[in-house]
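J.: What follows is a structure written as structure tokens; I'll ask about it next.
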Amino acid sequence: MTRWGMVIDLDRCTACQACVVACQVENNIPLADRVDCEHGRGISWIRLAPFREGEHGTRPSLRLIPILCMHCERPPCVKVCPATATIIGEEGLVGQIYPRCIGCRYCTTACPYTVRRFNWKRPEWPEPMEQGLSPDVSVRPRGVVEKCSFCHHRLQRAKDKARFEDRPLQEGDYVPACVETCPAEAMFFGDLDDPRSTVARLAESPRAIRLLEELGTKPKVIYLSKGESGGDV
């Protein structure tokens with residue numbers, strides 16, 4: 001059974017926000033103006049959040065880290081959705097079925113990582129930006145909750161190509177836009193259940209940490225803390 005996951009090396013990450021822009025373009029995320037952002041109504045599936053790293057009693061270091069949907073193995077958002085709009089698939093991806101979403105935002109409240117965004121208004125793009133919308137991704141209507149999907153449409157495309165070539169899906173066939181775009185090569189993606197994959201090896205690194213692991217959500221986005229990155233990859 002495949003279990004897709006991501007590893008982000010904080011030693012390599014430069015907080016350039018290339019992953020944020022790539023996600024915005026790839027997934028047809030509408031733009032938010034200054035007024036929307038002032039009211040907390042900005043839409044972004046990846047955000048850079050301050051993270052304080054260091055042991056208690058020492059001088060901690062402050063850095064910005066990318067935070068996206070953790071695609072938890074025990075996602076609290078799935079349990080609270082009354083419309084079954086939030087589901088977890090067989091391959092571990094936490095999906096959002098937009099036609100089912102009734103906009104109650106229970107999932108937003110239940111998510112401890114605050115990675116879900118409510119679409120407050122009808123999505124619009126200034127001309128000629130609407131010509132760059134991806135045909136592989138739906139444009140979400142007003143009044144639904146949206147979030148990172150690990151670029152699930154790319155998985156379907158990779159499966160179709162592997163089926164056409166009569167071969168199994170290989171590492172590197174399916175890569176989300178943020179991972180592909182990262183100029184520092186700080187993001188890794190693959191099957192956590194495949195011991196030969198890069199992400200599976202990095203997930204066992206002594207530098208591996210999971211955000212709010214004590215909550216028992218078992219996130220599948222794993223961070224590598226400060227250390228010698230060359231020895232892990």
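The values are calculated or read from the model by the stated rules, or taken from the named source; none is laboratory data. Predicted model, so just to flag it, every value in this text is computed and none were measured. Cβ atoms come from the backbone with ideal geometry, glycine included; neighbour counts cover every protein chain shown.
J.: Which residue is farthest from VAL175 (Cα to Cα), if the candidates are limited to region 6-33 and must be at pLDDT below 85 and exposed (fewer than 15 other Cβ atoms within 10 Å of the Cβ)? Show your work before the answer.
T.: The initial filter retains those residues of region 6-33 that are at pLDDT below 85, namely 31-33.
When the remaining residues are screened for being exposed (fewer than 15 other Cβ atoms within 10 Å of the Cβ), the result is 31, 33.
On the way: LEU31: 24, ASP33: 30 Å.
Result: ASP33.
J.: Right, something else. Please name all residue pairs, on different chains or six or more residues apart, with Cβ atoms under 7 Å, provided the first residue is in region 189-203 and is closer than 12 Å to VAL221 by Cβ and the second residue is part of a helix (DSSP H, G or I) and of a type outside the set (S, T, N, Q).
T.: Note: pairs meeting the criteria are PHE189/VAL179; PHE189/VAL199; LEU192/VAL199; LEU192/ALA200; LEU192/ALA203.
J.: Here's something else I'd like to know. I want to confirm something. Restricting to region 171-222 and keeping residues that are hydroxyl-bearing (Ser, Thr, Tyr) and closer than 20 Å to CYS19 by Cα, which single residue is surrounded by the most Cβ atoms within 10 Å (Cβ to Cβ)?
T.: Result: TYR174.
J.: Just a yes or no: is a residue in region 81-90 within 20 Å of the chain's Cα centre (by Cα) and exposed (fewer than 15 other Cβ atoms within 10 Å of the Cβ)? Don't jump to the end; show me each part of the working.
T.: Taking region 81-90 and keeping what is within 20 Å of the chain's Cα centre (by Cα), we get 81, 85-90.
Applying the additional criterion that residues be exposed (fewer than 15 other Cβ atoms within 10 Å of the Cβ) yields 89-90.
Yes, region 81-90 has at least one match.
J.: Test each condition in (1) buried (at least 17 other Cβ atoms within 10 Å of the Cβ); (2) at pLDDT below 95 for CYS111 and report the one that comes out false.
T.: (2)
J.: How about region 65-80: which of its residues are crowded, with 16+ Cβ neighbours inside 10 Å and among the charged types (D, E, K, R)?
T.: GLU73, the sole residue that qualifies.
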